[in-house]
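Here the structure comes first, spelled out in structure tokens, and everything after it is commentary.
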Amino acid sequence: MSDQLLAVRHLRVLFPLKGGQSVHAVDDVSFGLRDRESLGIVGESGCGKSTLARAVMNLQALTSGQIIWRGVFIDTLKRRELRDRRREFQMIFQDPLASLDPRMTVAKLVAEPLRALRPNLRTEEVRSMVNSIIDRVGLDVSALDRYPHEFSGGQCQRISIARALVVEPKLLVCDEPVSALDVSVQAQILNLLKELQESCDLSLIFISHDLSVVRHMSDRVMVLYLGKIMELGDRDRLLNNPRHPYTRALINSAPAPDPNKERDRLAPLLEGEVPSPINPPSGCVFRTRCPKAAERCAKDVPDLRPIGPGQNVACHFPE
Amino acid sequence: MSRERILGLRLTPMTHRRWRNFRANRRGFWSLWIFLTLFIVTLFAEFIANDKPILAHYQNSFYMPVFVAYAETEFGGEFETEADYRDPFVRDLIVDSGGWLLWPPVRYSYGTINYNLPVPAPAPPSAENWLGTDDQGRDVVARLIYGFRISVLFGLTLTLFSSVIGVAAGAVQGYFGGWLDLLFQRFIEIWSGLPILFLLIILASVVEPNFWWLLGLMLLFSWMGLVGVVRAEFLRARNLDYVKAARALGVSNGKIMAKHVLPNAMVATLTFLPFILNGSITTLTSLDFLGFGLPPGSPSLGELLAQGKANLQAPWLGISGFMVLALMLSLLIFIGEAVRDAFDPRKAAE
């Protein structure tokens with residue numbers, strides 16, 4: 001596919017522990033991302049969302065698998081080549097204040113990736129690029145001389161976005177960009193991201209544990225559980241007609257705006273805890289909490305297979 | 001927000017709070033000023049204790065013997081060698097022709113021998129030699145002034161070099177971690193297990209040590225002092241969100257270490273510096289005391305202490321050496337404690 005921007009194949013990240021065991025953070029995940037598409041990744045805490053993002057950003061060593069960025073295997077690139085590629089994919093983080101160095105002014109913070117990735121720019125060019133991006137994320141140029149702690153969380157996230165976009169990347173990985181913000185501010189930041197996606201021709205990988213945020217932001221949605229893809233499909237199909245029991249449970253557990261209408265629509269709430277990723281269940285990892293679990297689920301690992309147009313599910317007994 | 005200035009430098013609120021905390025510790029604050037005064041005064045030791053006048057006026061022209069070596073013949077004497085202004089003959093030549101000499105308060109340099117002692121050296125304190133002379137007839141006050149200067153200069157230089165090396169080593173270890181860290185730590189454990197004083201003594205007997213040789217030898221071992229703290233700070237800071245963010249943005253490791261992580265480690269480094277300075281001075285003094293330090297004839301506190309030990313009948317040697325050393329080390333400890341408390345984040349400003 002020519003418009004394929006990113007392809008991830010059989011990605012696996014294990015964190016070895018003492019005694020030969022290891023934490024299965026991301027286990028055999030494959031997906032693709034098209035140009036200007038936004039992919040939402042949802043899942044509970046500890047399901048491997050952030051590790052997946054870090055792996056895509058090449059900040060995390062892969063145990064196995066491949067990441068192909070515009071036809072190049074980026075996981076095997078040398079440091080210098082990787083740094084040249086870094087211009088094309090950038091990231092914003094969950095905690096906006098903590099991800100900004102408290103000792104640097106906003107001007108220096110936003111200019112930093114430019115100085116690192118495009119060292120032969122002149123000072124005036126850097127300044128004009130910083131000024132224009134600061135304006136585009138909705139901040140005043142008077143912000144440039146101030147320090148991060150003088151700003152609110154939403155403003156800090158705007159600074160982070162400016163810093164990520166100043167090098168004009170193709171892909172922006174957002175690791176829970178709004179979960180540390182007030183709800184009213186969340187909407188502003190989300191709309192800003194959508195706007196910028198349009199105007200900058202960005203692809204987004206958008207990680208969240210909030211289904212409504214993912215619904216707002218994504219073209220396609222991936223549901224992760226214990227490091228494995230449970231369901232992957234077009235947003236409307238997946239969220240309106242989930243085929244995997246876990247997706248159903250997840251949607252059902254989200255608070256509904258109108259409780260009278262939305263309740264008891266789908267499966268009952270999940271019970272129990274997420275099993276330990278050190279020793280994940282055999283077969284289907286979700287079977288310990290699945291209402292439909294059968295004997296087969298303990299034996300065979302369900303493959304992610306197409307179940308309808310634009311919808312894939314990893315379940316032996318899809319709804 | 002208010003930004004205070006000190007010496008024209010813009011201070012961040014944090015630095016300003018630390019400065020106020022430091023000032024609130026009266027003992028440390030005054031120790032700093034006393035130490036600085038002593039240090040700056042002794043930097044000009046040649047103008048305080050010297051066997052040459054600061055200024056001489058002879059036949060309507062001025063001479064500055066402190067800076068320029070004038071031959072005795074300049075003043076109508078006989079020798080072509082440098083004039084000995086302490087010699088009554090030279091003094092008379094100048095004064096009798098209507099000139100005058102401006103002497104420093106102590107008319108002895110560290111190596112000047114007083115040949116006119118009424119008693120065999122070491123001579124007790126007198127109006128001429130305020131703290132007496134050592135066993136070679138040299139003035140103790142002059143030797144203390146020069147000895148203080150060389151100790152502090154040596155300590156400062158050693159501290160500077162060992163901090164630079166120690167911070168760099170700790171930074172690399174802490175930032176990259178893993179095998180590099182493991183191997184480096186084992187190396188440091190072995191290296192710091194070496195008996196330093198004995199090695200210095202052996203090495204000092206192989207080469208004739210001068211100031212720089214001695215500095216190099218001691219640097220071999222003193223750089224390890226800071227590695228531990230800096231490494232710990234880097235281990236902690238490399239997982240801070242903004243360091244991870246910088247890595248994700250593509251900033252190079254060197255830049256991340258210098259710009260984002262090092263400022264975190266500076267606090268730990270600064271709090272350690274006075275104590276490292278103290279340690280450097282003590283090591284130099286002990287080497288001098290044992291006779292393996294600075295070359296013979298250099299003014300050194302350790303050598304004065306050794307003389308005091310060898311001449312127990314002349315207590316002014318040991319006592320004055322001890323007092324100066326004790327004063328210097330105490331001042332440094334007080335300063336160090338005040339700096340440490342000022343940087344302590346748990347101590348809120350009042």
Restricting to the range A:95-139, and then to whatever is in contact with a helix residue (DSSP H, G or I) (Cβ under 8 Å, 6 or more places away or on another chain) and of a type in the set (Ser, Thr, Tyr), can you tell me which residue is farthest from the other protein chains (Cβ to nearest Cβ)? A:THR105
Tally the residues that are out of contact with any Asp or Glu (no Cβ under 9 Å at 6 or more places or on another chain), part of a helix (DSSP H, G or I), farther than 24 Å from B:PRO13 by Cβ and not charged (D, E, K, R), restricting the search to the range A:105-128. 5
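Which residue out of B:ILE196, B:ILE188, B:ILE276 is out of contact with any Lys or Arg (no Cβ under 6 Å at 6 or more places or on another chain), modelled with pLDDT under 85 and more than 30 Å from A:LEU171 (Cβ to Cβ)? So that I can check it myself, show each step before the final result.
On the way: B:ILE188 fails: modelled with pLDDT under 85; B:ILE276 fails: modelled with pLDDT under 85.
When all the criteria are applied, what remains is B:ILE196.
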Just for the range A:81-94: of the residues that are assigned to a strand (DSSP E or B) and at the interface with chain B (Cβ under 7 Å from one of its Cβ atoms), which one is nearest to A:ARG54 (Cα to Cα)? A:MET91
Within the range A:43-80, can you find the residues that are within 14 Å of another protein chain (Cβ to nearest Cβ) and assigned to a loop (DSSP other than H, G, I, E, B)? A:MET57, A:ASN58, A:LEU59, A:GLN60, A:ALA61, A:LEU77, A:LYS78
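Residue by residue, here is whether (1) surrounded by fewer than 16 Cβ atoms within 10 Å (Cβ to Cβ); (2) under 30 Å from A:PRO102 (Cβ atoms) holds:
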residue: B:ILE276; (1), (2): no, yes
residue: B:LEU290; (1), (2): yes, no
residue: B:LEU312; (1), (2): yes, no
residue: B:GLY318; (1), (2): no, no
residue: B:MET323; (1), (2): yes, no
residue: B:PHE343; (1), (2): no, yes
Evaluate the following for B:ALA306: is it within 11 Å of another protein chain (Cβ to nearest Cβ), farther than 28 Å from B:ILE188 by Cα and part of a helix (DSSP H, G or I)? no
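Could you check the range B:166-274 for helices (runs of 4 or more DSSP H) lying wholly inside it with 3 or more residues that are surrounded by 18 or more Cβ atoms within 10 Å (Cβ to Cβ) and at positive phi?
none
I'm checking my understanding of the structure. Among residues of the range B:80-96 that are acidic (Asp, Glu) and in a loop (DSSP other than H, G, I, E, B), which one is surrounded by the most Cβ atoms within 10 Å (Cβ to Cβ)? Don't jump to the end; show me each part of the working.
Step one: filter the range B:80-96 for residues acidic (Asp, Glu), giving B:80, B:82, B:84, B:87, B:92, B:96.
Then drop every residue that is not in a loop (DSSP other than H, G, I, E, B), which leaves B:80, B:84, B:87.
Details: B:GLU80: 9, B:ASP84: 16, B:ASP87: 13.
The selected residue is B:ASP84.
Every residue, every condition in (1) of a type in the set (Gly, Ala, Ser); (2) more than 28 Å from B:THR269 (Cα to Cα), yes or no:
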{"position": "B:ALA121", "(1), (2)": "yes, yes"}
{"position": "B:ALA168", "(1), (2)": "yes, no"}
{"position": "B:LEU180", "(1), (2)": "no, no"}
{"position": "B:MET218", "(1), (2)": "no, no"}
{"position": "B:TRP223", "(1), (2)": "no, no"}
Residues being among the polar types (S, T, N, Q), part of a loop (DSSP other than H, G, I, E, B) and under 24 Å from the mean Cα position of the chain (by Cα): count how many of those fall in the range B:97-152. 2
At pLDDT below 90, among the basic types (Lys, Arg) and within 28 Å of A:SER50 (Cβ to Cβ) - does that describe any residue in the range A:101-111? yes
Selection count, the range B:244-283, where residues are in contact (Cβ under 8 Å) with a residue 12 or more places away in the chain, more than 26 Å from B:SER330 (Cβ to Cβ) and more than 8 Å from chain A (Cβ to nearest Cβ): 7
Checked A:LEU77, A:LEU82, A:LEU6 against criteria (in contact (Cβ under 8 Å) with a residue 24 or more places away in the chain, of a type outside the set (Lys, Arg) and surrounded by fewer than 22 Cβ atoms within 10 Å (Cβ to Cβ)); the one match is A:LEU82
Restricting attention to the range A:91-116, the residues that are out of contact with any Leu (no Cβ under 6 Å at 6 or more places or on another chain) and either polar (S, T, N, Q) or touching a residue at least 60 places away in the same chain (Cβ under 8 Å) (or both) number exactly 8
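The values are calculated or read from the model by the stated rules, or taken from the named source; none is laboratory data. Bear in mind the structure is a predicted one, so any value in this text is a computation, not a measurement. Because the Cβ atoms are built from the backbone with ideal geometry, glycine has one as well, and the counts that use them run over all protein chains shown.
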